[in-house]
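The values are calculated or read from the model by the stated rules, or taken from the named source; none is laboratory data. Here the structure is a predicted model, which means the values were calculated and not measured. No Cβ is skipped: glycine too gets one built from the backbone with ideal geometry, and neighbour counts run over all protein chains shown.
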Amino acid sequence: VDGTGAEDQAARRDHTRQAYDRLAPVWSSTTDDGPFNGWLERPALRSLVPMPLTGTRVLDAGCGSGAQCEWLSAQGAEVVGVDLSPAMVAEARRRCRQRGTFLVADLGEPLALGPRSIDGITCSLVLHYLRDWTGGHALLRHRAPPRRVDGRLAPPPLRPTATR
Ligand SMILES: C[S@@+](CC[C@H](N)C(=O)[O-])C[C@H]1O[C@@H](n2cnc3c(N)ncnc32)[C@H](O)[C@@H]1O
(Lines give C-alpha, C1' and ligand atoms only; values in the text may rest on other atoms or scores of the structure.)
Protein backbone atom coordinates (compact mmCIF):
# COMPACT_ATOMS: atom_id res chain seq x y z
CA VAL A 1 0.00 0.00 0.00
CA ASP A 2 1.70 3.18 -1.18
CA GLY A 3 -0.82 5.94 -0.60
CA THR A 4 -0.75 8.60 2.09
CA GLY A 5 -4.48 9.00 2.82
CA ALA A 6 -6.19 7.79 5.99
CA GLU A 7 -7.70 4.77 4.22
CA ASP A 8 -4.33 3.79 2.79
CA GLN A 9 -2.74 4.11 6.20
CA ALA A 10 -5.44 1.93 7.74
CA ALA A 11 -4.92 -0.64 4.99
CA ARG A 12 -1.17 -0.51 5.54
CA ARG A 13 -1.64 -1.05 9.29
CA ASP A 14 -3.99 -4.00 8.64
CA HIS A 15 -1.47 -5.49 6.25
CA THR A 16 1.29 -5.13 8.85
CA ARG A 17 -0.87 -6.67 11.56
CA GLN A 18 -1.78 -9.64 9.38
CA ALA A 19 1.84 -10.19 8.38
CA TYR A 20 3.04 -10.20 12.00
CA ASP A 21 0.13 -12.37 13.12
CA ARG A 22 1.40 -14.95 10.65
CA LEU A 23 5.02 -14.52 11.76
CA ALA A 24 4.26 -14.65 15.50
CA PRO A 25 4.54 -18.43 15.98
CA VAL A 26 8.08 -18.47 14.55
CA TRP A 27 9.35 -14.99 15.50
CA SER A 28 11.24 -16.02 18.64
CA SER A 29 12.71 -19.17 17.14
CA THR A 30 13.90 -17.42 13.98
CA THR A 31 15.23 -14.20 15.51
CA ASP A 32 16.64 -15.04 18.96
CA ASP A 33 19.73 -16.67 17.49
CA GLY A 34 19.71 -14.88 14.17
CA PRO A 35 22.68 -12.72 13.21
CA PHE A 36 20.71 -9.49 12.83
CA ASN A 37 18.35 -9.55 15.83
CA GLY A 38 19.99 -11.95 18.24
CA TRP A 39 23.64 -11.13 17.69
CA LEU A 40 23.61 -7.46 16.65
CA GLU A 41 20.47 -5.48 17.35
CA ARG A 42 19.43 -6.81 20.75
CA PRO A 43 22.90 -6.65 22.35
CA ALA A 44 23.31 -3.13 20.92
CA LEU A 45 20.00 -1.95 22.35
CA ARG A 46 20.60 -3.59 25.70
CA SER A 47 23.98 -1.89 26.00
CA LEU A 48 22.12 1.45 25.88
CA VAL A 49 19.66 0.66 28.68
CA PRO A 50 20.70 2.34 31.90
CA MET A 51 20.99 0.07 34.95
CA PRO A 52 19.73 -0.79 37.48
CA LEU A 53 16.13 -1.35 36.41
CA THR A 54 14.79 -2.67 39.69
CA GLY A 55 11.70 -0.70 40.65
CA THR A 56 11.26 0.90 37.24
CA ARG A 57 8.41 0.55 34.75
CA VAL A 58 9.59 0.19 31.17
CA LEU A 59 7.51 0.24 28.00
CA ASP A 60 8.67 -1.93 25.10
CA ALA A 61 6.92 -0.31 22.14
CA GLY A 62 6.32 -2.85 19.37
CA CYS A 63 7.34 -5.72 21.63
CA GLY A 64 6.84 -8.50 19.09
CA SER A 65 7.04 -11.91 20.74
CA GLY A 66 8.61 -10.47 23.89
CA ALA A 67 12.38 -11.01 23.72
CA GLN A 68 13.12 -7.54 25.03
CA CYS A 69 10.28 -7.73 27.58
CA GLU A 70 11.71 -10.97 28.95
CA TRP A 71 15.16 -9.43 29.25
CA LEU A 72 13.87 -6.22 30.87
CA SER A 73 11.87 -8.29 33.32
CA ALA A 74 14.94 -10.37 34.19
CA GLN A 75 16.76 -7.09 34.95
CA GLY A 76 14.07 -6.23 37.51
CA ALA A 77 11.84 -3.89 35.50
CA GLU A 78 8.08 -4.01 35.52
CA VAL A 79 7.39 -4.37 31.82
CA VAL A 80 4.60 -3.03 29.63
CA GLY A 81 4.66 -4.63 26.18
CA VAL A 82 2.62 -3.09 23.38
CA ASP A 83 2.20 -4.41 19.86
CA LEU A 84 -0.20 -4.09 16.94
CA SER A 85 -0.37 -7.85 16.39
CA PRO A 86 -2.60 -9.82 18.79
CA ALA A 87 -0.68 -13.01 17.99
CA MET A 88 2.64 -11.33 18.86
CA VAL A 89 1.18 -10.05 22.12
CA ALA A 90 -0.05 -13.55 22.97
CA GLU A 91 3.48 -14.89 22.32
CA ALA A 92 5.03 -12.15 24.46
CA ARG A 93 2.65 -12.84 27.31
CA ARG A 94 3.47 -16.55 27.15
CA ARG A 95 7.21 -15.95 26.87
CA CYS A 96 7.18 -13.69 29.92
CA ARG A 97 5.06 -16.17 31.87
CA GLN A 98 2.43 -13.53 32.55
CA ARG A 99 4.99 -11.22 34.20
CA GLY A 100 4.18 -7.73 33.01
CA THR A 101 1.33 -6.01 31.23
CA PHE A 102 0.69 -6.64 27.55
CA LEU A 103 -1.53 -4.57 25.30
CA VAL A 104 -2.64 -4.84 21.69
CA ALA A 105 -2.43 -1.28 20.43
CA ASP A 106 -1.34 0.88 17.52
CA LEU A 107 1.61 3.09 18.41
CA GLY A 108 0.22 5.61 15.95
CA GLU A 109 -2.63 6.23 18.38
CA PRO A 110 -2.64 7.42 22.00
CA LEU A 111 -1.96 4.53 24.38
CA ALA A 112 -4.15 3.62 27.34
CA LEU A 113 -1.34 4.38 29.77
CA GLY A 114 -1.26 7.12 32.33
CA PRO A 115 0.78 10.23 31.69
CA ARG A 116 4.24 10.03 33.24
CA SER A 117 3.62 6.41 34.26
CA ILE A 118 6.67 4.99 32.47
CA ASP A 119 10.32 5.39 33.48
CA GLY A 120 11.84 4.35 30.17
CA ILE A 121 10.93 3.23 26.65
CA THR A 122 12.63 0.75 24.37
CA CYS A 123 11.56 0.40 20.76
CA SER A 124 13.29 -2.09 18.47
CA LEU A 125 12.79 -2.07 14.71
CA VAL A 126 9.32 -0.56 14.81
CA LEU A 127 9.37 3.18 14.13
CA HIS A 128 9.74 2.66 10.39
CA TYR A 129 6.21 1.22 10.38
CA LEU A 130 4.76 4.53 11.55
CA ARG A 131 4.17 6.98 8.73
CA ASP A 132 3.19 9.71 11.18
CA TRP A 133 5.60 9.94 14.06
CA THR A 134 3.29 12.21 16.05
CA GLY A 135 2.07 9.09 17.82
CA GLY A 136 5.66 8.19 18.57
CA HIS A 137 6.22 11.57 20.09
CA ALA A 138 3.02 11.08 22.07
CA LEU A 139 4.65 8.01 23.57
CA LEU A 140 6.93 10.34 25.44
CA ARG A 141 4.04 11.82 27.40
CA HIS A 142 3.85 8.50 29.25
CA ARG A 143 7.41 8.84 30.38
CA ALA A 144 8.02 10.03 33.91
CA PRO A 145 10.74 12.54 34.64
CA PRO A 146 14.08 10.83 35.25
CA ARG A 147 13.98 8.90 38.49
CA ARG A 148 15.77 5.66 39.26
CA VAL A 149 16.92 5.37 35.67
CA ASP A 150 17.85 8.41 33.68
CA GLY A 151 14.69 8.04 31.62
CA ARG A 152 16.66 7.59 28.44
CA LEU A 153 14.86 6.79 25.20
CA ALA A 154 17.01 4.15 23.58
CA PRO A 155 15.91 3.66 19.99
CA PRO A 156 18.25 1.44 18.02
CA PRO A 157 19.23 2.38 14.49
CA LEU A 158 16.46 1.50 12.08
CA ARG A 159 17.12 -1.52 9.96
CA PRO A 160 18.55 0.07 6.80
CA THR A 161 16.64 -2.22 4.49
CA ALA A 162 13.36 -1.26 6.16
CA THR A 163 13.68 2.52 6.18
CA ARG A 164 12.05 4.66 3.57
C1 LIG B 1 10.52 -6.17 13.19
S2 LIG B 1 9.29 -6.58 14.42
C3 LIG B 1 10.22 -6.25 15.91
C4 LIG B 1 9.61 -6.93 17.12
C5 LIG B 1 10.43 -6.78 18.40
N6 LIG B 1 10.59 -5.38 18.77
C7 LIG B 1 11.77 -7.46 18.24
O8 LIG B 1 12.78 -6.75 18.18
O9 LIG B 1 11.79 -8.69 18.16
C10 LIG B 1 8.18 -5.18 14.30
C11 LIG B 1 7.03 -5.24 15.30
O12 LIG B 1 6.37 -3.98 15.26
C13 LIG B 1 4.99 -4.21 15.37
N14 LIG B 1 4.28 -3.04 14.80
C15 LIG B 1 4.29 -2.60 13.52
N16 LIG B 1 3.54 -1.50 13.40
C17 LIG B 1 3.06 -1.23 14.64
C18 LIG B 1 2.20 -0.22 15.15
N19 LIG B 1 1.69 0.74 14.35
N20 LIG B 1 1.89 -0.23 16.46
C21 LIG B 1 2.38 -1.22 17.27
N22 LIG B 1 3.21 -2.20 16.85
C23 LIG B 1 3.54 -2.21 15.54
C24 LIG B 1 4.75 -5.49 14.59
O25 LIG B 1 3.52 -6.11 14.92
C26 LIG B 1 5.99 -6.29 15.00
O27 LIG B 1 5.75 -7.10 16.14
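Quick notes on this structure:
- Scanning segment 63-80 for residues that are touching a Lys or Arg at 6+ places or on another chain (Cβ under 8 Å) and crowded, with 24+ Cβ neighbours inside 10 Å turns up 65, 66, 68, 69, 77, 79.
- In segment 88-126, of all residues being in contact (Cβ under 8 Å) with a residue 60 or more places away in the chain, near the ligand (Cβ under 9 Å from one of its atoms) and more than 14 Å from residue 68 (Cβ to Cβ), the one that is farthest from the chain's Cα centre (by Cα) corresponds to 108.
- In segment 25-37, the residues that are under 13 Å from residue 89 (Cα atoms) form Cβ pairs under 6 Å with partners that are near the ligand (Cβ under 10 Å from one of its atoms), at six or more places apart or across chains, as follows: 27/64; 27/65; 28/65.
- Condition check for residue 50: over 30 Å from residue 10 (Cβ atoms) and without any contact (Cβ under 8 Å) to a residue 24 or more places away in the chain: no
- Among (1) in contact with a strand residue (DSSP E or B) (Cβ under 8 Å, 6 or more places away or on another chain); (2) buried (at least 22 other Cβ atoms within 10 Å of the Cβ), the one test that residue 117 misses: (2)
- Single residue of segment 38-85 satisfying the filter (among the hydroxyl-bearing types (Ser, Thr, Tyr) and under 20 Å from residue 28 (Cβ atoms)) that is farthest from the ligand (Cβ to nearest atom): 73
- Boolean, residue 53 is at pLDDT below 95 and in contact with a helix residue (DSSP H, G or I) (Cβ under 7 Å, 6 or more places away or on another chain): yes
- Evaluated against (1) touching a Gly at 6+ places or on another chain (Cβ under 8 Å); (2) under 16 Å from residue 126 (Cα atoms); (3) of a type outside the set (A, V, I, L, M, F, W, C), residue 52 falls short on exactly one condition, (2).
- Of all the residues in segment 1-55, those that are among the basic types (Lys, Arg) and within 22 Å of residue 106 (Cα to Cα) number 4.
- Checked against the criteria, residue 18 does not count as within 11 Å of the ligand (Cβ to nearest atom) and surrounded by 20 or more Cβ atoms within 10 Å (Cβ to Cβ).
- Among the numbered conditions (1) loosely packed, with under 13 Cβ neighbours inside 10 Å; (2) at pLDDT below 95; (3) within 14 Å of the ligand (Cβ to nearest atom), the only one that residue 9 does not meet is (1).
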